[in-house]
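The values are calculated or read from the model by the stated rules, or taken from the named source; none is laboratory data. The shown structure was predicted, so the numbers you read here are calculated from the model rather than taken from an experiment. These area figures cover heavy atoms from the full protein model, side chains too; ligands, DNA and RNA do not enter into them. Shrake-Rupley method; radii C 1.70, N 1.55, O 1.52, S 1.80 Å.
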Amino acid sequence: TYRIPPQLFFYGDGASSDSAFAQIEGLDSLLEDSFTVEMRLLPDSPSGRLLAQGSSFSLAFGPTAAGQTAITATLAGQSFRADSSNLHDDLHDDLHDGQPHHLAFVWDSHAGQATFYQDGKLLAQQNLSSAGSENLAQTLELGRGYAGTLDEIRLWQTVRSVAEISATQESSLS
């Protein structure tokens, strides 16, 4: 089920890269160290940028050459892509099945590890040991060029475990 009212709700039409996106100002220190980003998404298009903070961090999805969906995080110039080549136990569900999906990206700066979770299950992990914290822009952009719904966007300044993510993915926070 899709929860109403959402904590933070965004619907983009994907019309152009310069329209249909939201900005949250004053977040210059939010994603500088270890962090977790969670959201529920229901895409209407095959690709889009979900979230970005300057040029140092972005979270996007798009099709692969094999016609599957890949989720990509770019952090301090390094990209981590979750697709059919590195999925954990083939847990990847198609994001375009008409159902909302919970997506989480966790960056542990101390361990140098990036992790994707989808619907509370480990999707993929990768070491990005040389990706350091950079000075990020103060503006967080949501959904630039994205067509679909983003809901319950949660930004944590900590590394959240799969147990913590699973325990709260279906509940509203107070």
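Among the residues of region 49-60, those that are at pLDDT 80 or above and open to solvent by 10 Å² or more (accessible area, probe 1.4 Å) comprise Arg49, Ser58, Ala60.
Asp33 passes every criterion in (1) within 24 Å of Leu140 (Cα to Cα); (2) at pLDDT 75 or above; (3) of a type outside the set (Ser, Thr, Tyr); (4) open to solvent by less than 70 Å² (accessible area, probe 1.4 Å) apart from (4).
Restricted to region 85-167, the set of strands (runs of 3 or more DSSP E) holding at least 2 residues that are at pLDDT 75 or above and hydrophobic (A, V, I, L, M, F, W, C) comprises 101-108, 113-118, 121-127, 147-156.
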